[in-house]
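Right, one structure below, let's go through it.
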Amino acid sequence: MKQYKAVFIDWDDTIGDFVGAAKRALQEMYDKYKLSDYFASHEEFVSLYKPHNIELWDKYGKDLVTKAFLRVDRFLYPLLHGTKVASQIQSYTALSALAEQMSEDFLHLTTKYFSLLPGAEELVRYLAKKYPLTVVTNGFIEVQYEKFDKSGLRNCFSHIVLSEEVGCQKPNPRIYEEALRMNGVSAEEAVMIGDSWNSDIQGAINAGIDQIWVRKSQDSLPEGQSATYLVQSLSEVMEIL
């Protein structure tokens, strides 16, 4: 097995359960803001929110929209397109104000409901004893550092490379190049662990870094997608490193 001098690891949905936290946050917000006035169901709200949020993050990564726009528009869009919105006598300004409130709540609640994924603490502590360990993650400064602290694992990381501080997002190779610089290693001496093909794995490939793809799905690999190592659980990473 190849020997590495530094290990990079993604945060959301590799170490921390962002999907679970977001699900709880969206349900709480739906109830708090009486969003049944705008949507036929919670499912309708989520079906409008999720794809638009993904689209906005893609545009944000390409510098096509600002952080401020993303934070509000991901909630304004579903508010404007819910099946019951037409029956609400509310101005665009009022809906924008509601979207702003929802945005603030969402950031707070996803931090409140943060938890580690199964096996994450064991893996991080194992890796930290053997390698300089670096978090390489997208996300907003105001919530990511809170989650690092809440995890109880922050002292396990030699470095934290956050997209907003670097000025670009994965899969841009610049964020990986910053991690390499901080660790004083070459691309051939590092390996990246992550759950997302589009950001973690493709980004590491772009930077010439080996990858460990934590792919929980048992479906066939999409055409053109592969990784140096492919695992289905965090525990399998310890067999490689």
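For residues in the stretch 154-179 being modelled with pLDDT of 95 or more and assigned to a loop (DSSP other than H, G, I, E, B), which is surrounded by the most Cβ atoms within 10 Å (Cβ to Cβ)?
157
Which pairs turn up if I take residues in the stretch 53-70 that are assigned by TED's automatic domain parsing to the domain that holds residue 170 and in contact (Cβ under 8 Å) with a residue 60 or more places away in the chain and look for partners that are of a type outside the set (Gly, Ala, Ser) and exposed (fewer than 11 other Cβ atoms within 10 Å of the Cβ) with beta carbon separation below 6 Å, at least 6 apart in sequence or on another chain?
Matching pairs, first to second residue: none at all.
Identify the residue in the stretch 206-235 that is outside any loop (DSSP other than H, G, I, E, B) and touching a residue at least 60 places away in the same chain (Cβ under 8 Å) and, among all such residues, is surrounded by the most Cβ atoms within 10 Å (Cβ to Cβ).
Out of the qualifying residues, it is 214.
State which residue is surrounded by the most Cβ atoms within 10 Å (Cβ to Cβ) when the search covers only the stretch 180-205 and only residues that are more than 23 Å from residue 1 (Cα to Cα) and either outside the structural domain of residue 129 (by TED's automatic domain parsing) or within 18 Å of the chain's Cα centre (by Cα) (or both).
199
Surrounded by fewer than 20 Cβ atoms within 10 Å (Cβ to Cβ), at pLDDT 95 or above and of a type in the set (A, V, I, L, M), is that true of residue 135?
For residue 135, the condition - surrounded by fewer than 20 Cβ atoms within 10 Å (Cβ to Cβ), at pLDDT 95 or above and of a type in the set (A, V, I, L, M) - is not met.
List the residue pairs whose Cβ atoms are under 7 Å apart, where the first residue sits in the stretch 3-24 and is closer than 25 Å to residue 184 by Cα, the second is crowded, with 19+ Cβ neighbours inside 10 Å and of a type in the set (D, E, K, R), and the two are 6 or more positions apart or on different chains.
Here the result reads 10/195; 10/200; 14/195, each pair linking the stretch 3-24 to a residue that is crowded, with 19+ Cβ neighbours inside 10 Å and of a type in the set (D, E, K, R).
The values are calculated or read from the model by the stated rules, or taken from the named source; none is laboratory data. Since the model is a prediction, treat every value here as computed from it, not as a measurement. Backbone-built Cβ (ideal geometry, glycine too); neighbour counts: all protein chains shown.
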